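For reference, the structure is listed below as structure tokens.
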Amino acid sequence: MKFRTRAIHVGNEPDPQTGAVVPPIYLATTFIQPGVGEWGEFDYSRSGSPTRKNVETTIADLESGTNALLFASGMAATHCVTMLFQKGDHIIANRDLYGGSYRLLHKICDRSGIEVTLVDVNQPEELKAALRPQTKLLWIETIGNPLMSIPNIRQCVAFAREHNLLLGVDNTFASPALCRPLELGADIVMHSATKYLGGHSDCLVGALVTADPELHKRLYFVQNACGSACGPLEAYLLGRGMKTLEIRMREQCRTAMQIAEHLSQHPKVTRVLYPGLKTHPGHELAREQLNGMFGTMMSFEVNGDLAATKMVCKSTELFGLAVSLGAVESLIAHPATMSHASYAPEARAAAGISDRLIRLSVGLEDPEDLIHDLNQALSKI
Amino acid sequence: MSAITRATGDNSANHHSADRTKLQQDGIGFSTLSVHAGEARQKNADSITDPICCTSTYTFTNTQSIIDFIEQKQPREEYGRYGNPNEKVVEAKLAALDNAEEAIVYSSGMAAIVGLLMAKLSAGDEIVFFDECYHRSREFCYKHLARFGVVTRTVKTGDMQAMEAAINDRTKLLVSESPTNPHLTCVDLEQFVAIGKAHEVETLIDATLATPYNVRPIDYGVDYVWHSATKYLGGHNDLLAGVIAGSKEKLDSVRHLRGILGGINSPHNLYLLERGLKTFELRMQRHNANGQAIAEFLEQHPRVEKVYYPGLKSHPSHEVAKQFMKGFGGLITFNVKDADWRETANIIDACKIPRIGPSLGGVESLIEQPMVMSYFNYKPEDRQKFGIYDNMIRLACGIENTEDLIADLAQALES
């Protein structure tokens, strides 16, 4: 079956008791067991619940994996991955990295003696130089944040296999509608499912997907021990959101392309970073890896100083000024002071995140309305 | 203030502001309306989405604030049966989508039509219905409105002369579905409205199957538009809701009666409805595309005798549908060639993707046999009269991939 059909039906078996076409939301925290020392499928909802299981089944299928785990947030999911390691272990991550992941790796993992090196993974020399005998994980984002860099996933797979590393891919910016890293040989796919998968800015959920049941067991052990699973209401809203994932992505990507083309012609804009533009350094790789789409995220620099940049951000009427992304509502953000504020200033500069950089998450509104809104905001400077 | 700011509400954080306006229709795109219309630009706690407001009653700061409310100086909520904040947002969004001044949401589609009829009709009044209509609407009018002395007259669907002839000086309302269920007959809305206006009788269209994406009857002068919002508007088969849209003047008495009868929806449901509406245009595009492609597939299939779908040239309403509708929806009815009711049922049972169940308009495809699902206890001659045949199947296309649905139907028809 095709992607959209599976998004609607896999994991959504009608309730056998009532025939309800939508499975019920199970709020129970505990489950009655068949007998002393005998365990049913579910015992305590930290360890598993029917609603979570249904949605995990859907995500695992859409990502071409065998298993999935849902977490209270994307960061809880990423943290679970890092909990596979121990003192002395080493992680290599791509430099164009979400601020929250940067903070986790540099300010939390370091406390347990896990070390981190950031590199440009598309530079084999840099990758090789960063490698140590203790390196255990290579961590990349399908589309980097906020510069929209595109890592060569196949090269990363080859490198990870050669050196016996796990390859973890944060697939949040692409979603399985655009890219399924497990099919390319990645070991773990991570999602902030809060974004495209949920799609409506109303549930905070993270996910890990694997294609290796043994690795899943190790991650599940951490999740169950640390207690970071998401609640049933969030899981339900996520499952509901995924039913329209593909059509939302197609439409939003198409709108994003129009906006990127428009901005790249705009006199007040000096640079547009969108993988769909031929001028973007990752354009060719994006064409190969993203199923003919280029995502809904873009960054651009305005011809002005920090004050002018802030003026644009606060002058939009349809784009809401907020962090997060991937939902039906369009958002505008200033990475230097918002999503990447937790970078050290020099690291931010090294990553190419200037004060003039503005990030857009393109929603489901009519493209003409969004372009009109950006024009009027840019006219303020 | 620009059109968008005006449309998406005020910029103050006051959630009770009366300035939570419906989006004006001045060239704003349909999906923009679906996402933003009716919502305050800045919400409580600066949340991007509306909070679910689970409260049965609303508190006043002091006695003067009650008096201000009674004297209508300060619009606000009072008690849960009269309205709630989640409802306000959804009603404004639905009104914007239907290009109506006002919309009233109910706990189900039937609660909505009953609420309207009970508010507008008195003993001795009459209404005229087209005969193809939802069987529960018909049942309510003939069995229950009749008990209150309201007379219902039924004429053949689309027969405008018969409808006009059925009007007398006691007639208060003309009622039609467009398209009808399950025959998908479409009504010429201009003629329908012209008859109402000529005789000073109000008009009501059940546009559940069309949705405001495909047609907005208010634009043609229809007085009331009725939807079961359970269907395409909610879109996920997970809530019940109904809505009546129209002018504020005409709906004031309807809203007042709802406050007494209590058929209001719940905040949880209303939130799901608001959320469902955000992808409304996208879903409708898929429903329309699936409906058209599958109707065309079925029409050329050797085991299919007849397909009822307004997007097909063979449908008697095709020209009318083309004139009034942007697309033709996801509902298809078809008759199986040389099949009795059991052989027809076997095809339904062989389907792997569509679930067997009543309802329509959700992302999951649903399939059913009207003779079994809705008319099982009717006498055969009554079923004939309503055009419900033993070999008839109703398919509500969801938004799954078209190829998957066609492949599944092909294997079921060949089984």
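The values are calculated or read from the model by the stated rules, or taken from the named source; none is laboratory data. Predicted model, so just to flag it, every value in this text is computed and none were measured. So basically every Cβ, Gly included, is an ideal-geometry build from the backbone, and we count neighbours across all protein chains shown.
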### Query
Restricting the range A:307-318 to residues that are of a type outside the set (D, E, K, R) and within 14 Å of chain B (Cβ to nearest Cβ), which is surrounded by the fewest Cβ atoms within 10 Å (Cβ to Cβ)?
A:Ser315
## Note on the structure
Those residues of the range A:29-72 which are more than 20 Å from A:Lys243 (Cα to Cα) and touching a Gly at 6+ places or on another chain (Cβ under 8 Å) amount to A:Phe31, A:Ile32, A:Gln33, A:Pro34, A:Glu41, A:Phe42, A:Arg46, A:Ala72
## Note on the structure
Of the residues in the range B:182-208, those that are in contact with a Ser or Thr (Cβ under 8 Å, 6 or more places away or on another chain) and assigned to a loop (DSSP other than H, G, I, E, B) number 10
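Just a yes or no: is a residue in the range A:41-49 more than 10 Å from every other protein chain (Cβ to nearest Cβ), surrounded by fewer than 13 Cβ atoms within 10 Å (Cβ to Cβ), part of a loop (DSSP other than H, G, I, E, B) and not β-branched (Val, Ile, Thr)? Working first, answer last.
Step one: filter the range A:41-49 for residues more than 10 Å from every other protein chain (Cβ to nearest Cβ), giving A:41-49.
Then keep just the ones that are surrounded by fewer than 13 Cβ atoms within 10 Å (Cβ to Cβ); that gives A:41, A:44.
Narrowing further to those that are part of a loop (DSSP other than H, G, I, E, B): A:41.
Restricting the remaining residues to those that are not β-branched (Val, Ile, Thr) gives A:41.
Checked against the condition, which is being more than 10 Å from every other protein chain (Cβ to nearest Cβ), surrounded by fewer than 13 Cβ atoms within 10 Å (Cβ to Cβ), part of a loop (DSSP other than H, G, I, E, B) and not β-branched (Val, Ile, Thr), the range A:41-49 yields at least one hit.
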### Pair list, Cβ under 6 Å, 6 or more apart: the range B:218-236 residue under 27 Å from A:Lys243 (Cα atoms) and more than 14 Å from chain A (Cβ to nearest Cβ), other residue polar (S, T, N, Q) and not in a strand (DSSP E or B)
B:His227/B:Thr208; B:Ser228/B:Thr208
### Query
When residues of the range B:389-406 are filtered for being away from every other protein chain (no Cβ under 11 Å), over 21 Å from the mean Cα position of the chain (by Cα), of a type outside the set (D, E, K, R) and part of a loop (DSSP other than H, G, I, E, B), how many remain?
2
### Query
So B:Tyr213 fits all but one of (1) assigned to a loop (DSSP other than H, G, I, E, B); (2) within 14 Å of chain A (Cβ to nearest Cβ); what number is the exception?
(1)
### Query
Which one is farthest from the other protein chains (Cβ to nearest Cβ), of the residues in the range B:27-75 that are buried (at least 16 other Cβ atoms within 10 Å of the Cβ) and basic (Lys, Arg)?
B:Lys43
### Message
Out of B:Pro51, B:Pro75, I need the residue that is farther than 30 Å from B:Asp219 by Cα and outside the structural domain of B:Leu240 (by TED's automatic domain parsing). Which one?
### Response
B:Pro51
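Looking only at the range B:82-136, filter to residues that are among the hydroxyl-bearing types (Ser, Thr, Tyr) and in contact with a helix residue (DSSP H, G or I) (Cβ under 6 Å, 6 or more places away or on another chain); which one of those is farthest from B:Asp382 (Cα to Cα)?
So the residue we want is B:Tyr82.
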## Note on the structure
Scanning the range B:263-296 for residues that are farther than 23 Å from A:Glu234 by Cα, away from chain A (no Cβ under 12 Å) and in contact (Cβ under 8 Å) with a residue 60 or more places away in the chain gives B:Gly263, B:Ile264, B:Asn288, B:Gly291, B:Ala293, B:Ile294
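What number of residues in the range B:315-331 are part of a loop (DSSP other than H, G, I, E, B) and of a type outside the set (Lys, Arg)?
Matching residues across the range B:315-331 total 8.
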### Task
Look through the range B:337-364, keep the residues that are without any contact (Cβ under 8 Å) to a residue 60 or more places away in the chain and surrounded by 17 or more Cβ atoms within 10 Å (Cβ to Cβ), and return whichever of them is farthest from B:Pro302 (Cα to Cα).
B:Gly357
### Task
Please work out if B:Ile260 is assigned to a helix (DSSP H, G or I), more than 14 Å from chain A (Cβ to nearest Cβ) and modelled with pLDDT under 95.
yes
### Task
Determine, yes or no, whether B:Gly311 is part of a loop (DSSP other than H, G, I, E, B), buried (at least 20 other Cβ atoms within 10 Å of the Cβ) and under 17 Å from the mean Cα position of the chain (by Cα).
no
## Note on the structure
Within the range A:188-197, the residues that are in a loop (DSSP other than H, G, I, E, B) and either more than 8 Å from the chain's Cα centre (by Cα) or surrounded by 24 or more Cβ atoms within 10 Å (Cβ to Cβ) (or both) are A:Ala193, A:Thr194, A:Tyr196, A:Leu197
### Query
Out of all the residues in the range A:12-19, is one or more in a loop (DSSP other than H, G, I, E, B), at pLDDT 90 or above and of a type in the set (Gly, Ala, Ser)?
no
### Task
State whether the residues of the range B:121-137 include one that is farther than 18 Å from B:Lys197 by Cα, touching an Asp or Glu at 6+ places or on another chain (Cβ under 6 Å) and outside the structural domain of B:Gln384 (by TED's automatic domain parsing).
yes
### Message
Which pairs turn up if I take residues in the range B:146-163 that are closer than 14 Å to B:Ser178 by Cβ and look for partners that are modelled with pLDDT of 95 or more and in a helix (DSSP H, G or I) with beta carbon separation below 7 Å, at least 6 apart in sequence or on another chain?
### Response
B:Met160/B:Gln191; B:Met160/B:Ile195; B:Met163/B:Ile195
### Message
Cβ-Cβ distance below 9 Å, separation of 6 or more or different chains: which pairs start in the range B:404-415 with a residue that is over 20 Å from B:Arg286 (Cα atoms) and end on one that is surrounded by fewer than 20 Cβ atoms within 10 Å (Cβ to Cβ) and polar (S, T, N, Q)?
### Response
B:Ala412/B:Asn346; B:Ser415/B:Asn346
### Message
Let me confirm something: among A:Leu321, A:Leu331, A:Leu364, which residue is touching a Cys at 6+ places or on another chain (Cβ under 7 Å) and either facing chain B (nearest Cβ under 10 Å) or farther than 25 Å from A:Arg95 by Cβ (or both)?
### Response
A:Leu321
### Query
Quick one: which of A:Thr57, A:Thr5 is assigned to a helix (DSSP H, G or I) and free of Cβ contacts under 8 Å to residues at least 40 places away in the same chain?
A:Thr5
### Query
From the list A:His216, A:His200, which one is touching a residue at least 24 places away in the same chain (Cβ under 8 Å), assigned by TED's automatic domain parsing to the domain that holds A:Arg52 and outside any loop (DSSP other than H, G, I, E, B)?
A:His216
### Message
So, in the range B:375-388, exactly how many residues are among the charged types (D, E, K, R), farther than 22 Å from B:Leu209 by Cβ and in a helix (DSSP H, G or I)?
### Response
2
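Please report, ordered by residue number, the helices (runs of 4 or more DSSP H) entirely within the range A:278-381 with at least 1 residues that are of a type in the set (Ser, Thr, Tyr) and modelled with pLDDT of 95 or more.
Ranges flagged: A:306-315.
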